[in-house]
1. How large are Rg and Dmax for the chain when only the alpha carbon atoms are used, in Å?
2. For the chain, what does the helix formula give at 222 nm: sum of -39500 (n - 2.57) over DSSP H segments with n ≥ 4, over the residue count, nearest 500 deg cm²/dmol?
3. If you take every DSSP beta bridge whose two residues both sit in the chain, what share of them, in percent to the nearest 5, is antiparallel?
4. Cα axis of helix 91-107 to longest principal axis of the chain: angle in degrees, 0 to 90, nearest 10?
5. Based on the mean of other beta carbon atoms within 10 Å per residue, what is the order of 117-123, 88-94, 63-69, most packed first?
6. Between residue 103 and residue 31, how high is the FRET efficiency from 1/(1 + (r/R0)^6) when r is the Cβ-Cβ distance and R₀ = 35 Å? Nearest 0.05.
7. Using the 10 angstrom Cβ neighbour count as an exposure proxy, how do 70, 9 rank, fewest first?
8. Does anything in the stretch 92-114 have its amide N under 17 Å from the 7 Å Cα→Cβ label point of residue 74, and if so which residues?
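Any read-out appearing in this document is the output of simple, stated calculations on the displayed coordinates, not a laboratory observation. The model shown is predicted, which means the values in this text are computed figures rather than measured ones. Note that each Cβ is placed from the backbone with ideal geometry, even for glycine, and that neighbours are counted across all protein chains shown.
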């Protein structure tokens, strides 16, 4: 029983505090449920061309990631991450970046291929690896 500052029973204040606590706990449960759902969305490996017109390809890849997010999934785009720290023109560092990307592919649920990937050696290698791992390979047309 809740007691006031003079030691008397105060059921009205107890009920008010109890209601506030119930509301708070419900809001926390809702927040935690939403965060759990977000963290457990499908992880999608985004495969698209990087080499060539790098600026245009990076801009396109960012758009592809936004599309994946709009589909309630988590985008993983290694070709937006590793070229920032590794030199794509150095064969050893390029191979390192590709292997890092394939490592990320292994933890993804699916691979989605965007744009014209026919000339991209890296994307072709990612598709082969995805098939070895039994991942779903989805080809997404522009404007989907």
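1. Here Rg and the maximum Cα pair distance are 24.6, 82 Å.
2. Calculated at 222 nm, the ellipticity per residue is -18000 deg cm²/dmol.
3. Percent antiparallel among DSSP bridges in the chain is about 10.
4. Helix 91-107 sits roughly 40 degrees off the main axis of the chain.
5. With the highest mean Cβ count within 10 Å placed first, the list reads 63-69, 117-123, 88-94.
6. Values: r = 32 Å, r/R0 = 0.92.
Calculated transfer efficiency: 0.60.
7. In increasing order of surrounding Cβ atoms, one gets 70, 9.
8. Residues passing the 17 Å test: 101-112.
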